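Contents: one structure, followed by commentary.
The values are calculated or read from the model by the stated rules, or taken from the named source; none is laboratory data. The model shown is predicted, which means the values in this text are computed figures rather than measured ones. Here the Cβ is made from the backbone with ideal geometry for all residues, glycine too, and neighbour counts use every protein chain on show. Surface accessibility is based on the protein's heavy atoms, side chains included, excluding ligands, DNA and RNA. Shrake-Rupley method; radii C 1.70, N 1.55, O 1.52, S 1.80 Å.
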Amino acid sequence: MLRIAAGVFILFLLASCASAPQGPSAAARADLAPTGKLRVGINFQNVLLTRKDPVTGEAGGIAPELAQELGRRLGVPAEIVPYATAGHLADAVKSGAWDVAFLAGEAQRANVIAFTAPYLEIETTYLVPAGSPFRSVEDVDREGVRIAVGAKGGPDLALSRILKRAQLVRAPTTAAAAKLFVTDKLDALAGLKPGLVVEAEKLPGSRVLEGRFSVVGQAAGTHKDRLAGAQYLAEFIEDIKASGLVARLIEKNGVRGVTIAPPAQK
């Protein structure tokens, strides 16, 4: 019996080791923390994934907490590098201002940034004003239709590919796009569905349209030349999905309207 129990225990240890994520290699650590700390770029315009303490200014939310977890696994302190928009965050990779960023994975940025698979997904759609004839997302792409959108964010990049007839009216930020939608009496406001639901509560008679024009996958990325770092980052993202960490952070932060992304296809 003792031999059987010992054998079972050894098999359990071997299985645990096989399924546990590998620690970072020296090359991965050098890629992701070349200065001895992990500099993480985060877009604080995305209020679903970020927040700042109004008194202390301390960063919180899903993305900053993932940054701290990544730093812990690398064995280095994590430093948050804040940005006001997704566009500014993505552009900063060229100057080396950050080592890793949590942002939407987009093909237009993949020539410079090596993206992981997404760790969560958010649907995008439109908000339309009271009296709008539009009933679904497909109705909006018509001649003469003007759509407010935050410049260089996920919805903007998606619609720049998708739209054939309607016109995008870009504002510097998502919040500015919401104001422009009202002040200029535009036909629709494009954005992440959870945020549009909040905006609809402020505008009597407005509606969030059924359907979606894209799904924004929130991912992590590093400079495309950091090959070892990109590989470890991809493994990190898959582990935090499989281990339940992403699910726990969604629940902890009370975030609605997001879903955990499926495992990356091999």
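Numbers below:
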item	result
From the options ALA110, ALA90, ALA101, residue that is surrounded by fewer than 21 Cβ atoms within 10 Å (Cβ to Cβ) and either at positive phi or of a type in the set (Gly, Ala, Ser) (or both)	ALA110
Pick from the stretch 71-88, criterion of a type in the set (A, V, I, L, M, F, W, C) and modelled with pLDDT under 95, ranking: farthest from LYS52 (Cα to Cα)	ALA86
Qualifying residue in the stretch 242-252 (condition: of a type in the set (D, E, K, R), surrounded by 15 or more Cβ atoms within 10 Å (Cβ to Cβ) and under 21 Å from GLY60 (Cα atoms))	no
Matching residues, the stretch 203-224, being in contact with a helix residue (DSSP H, G or I) (Cβ under 9 Å, 6 or more places away or on another chain) and not in a strand (DSSP E or B)	LEU203, SER206, LEU209, GLY211, ARG212, PHE213, LYS224
Check on GLU123, of a type in the set (Asp, Glu) and either open to solvent by less than 70 Å² (accessible area, probe 1.4 Å) or assigned to a loop (DSSP other than H, G, I, E, B) (or both)	yes
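To keep it simple, each residue is scored yes or no on (1) within 18 Å of ALA107 (Cα to Cα); (2) of a type in the set (D, E, K, R); (3) surrounded by fewer than 17 Cβ atoms within 10 Å (Cβ to Cβ); (4) touching a residue at least 12 places away in the same chain (Cβ under 8 Å).
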position: ILE162; (1), (2), (3), (4): yes, no, yes, yes
position: ALA175; (1), (2), (3), (4): no, no, yes, yes
position: ALA178; (1), (2), (3), (4): no, no, no, yes
position: PHE181; (1), (2), (3), (4): no, no, no, yes
position: LYS185; (1), (2), (3), (4): no, yes, yes, yes
position: ALA188; (1), (2), (3), (4): no, no, no, yes
position: VAL197; (1), (2), (3), (4): no, no, yes, yes
position: GLY211; (1), (2), (3), (4): no, no, yes, yes
position: ALA219; (1), (2), (3), (4): yes, no, no, yes
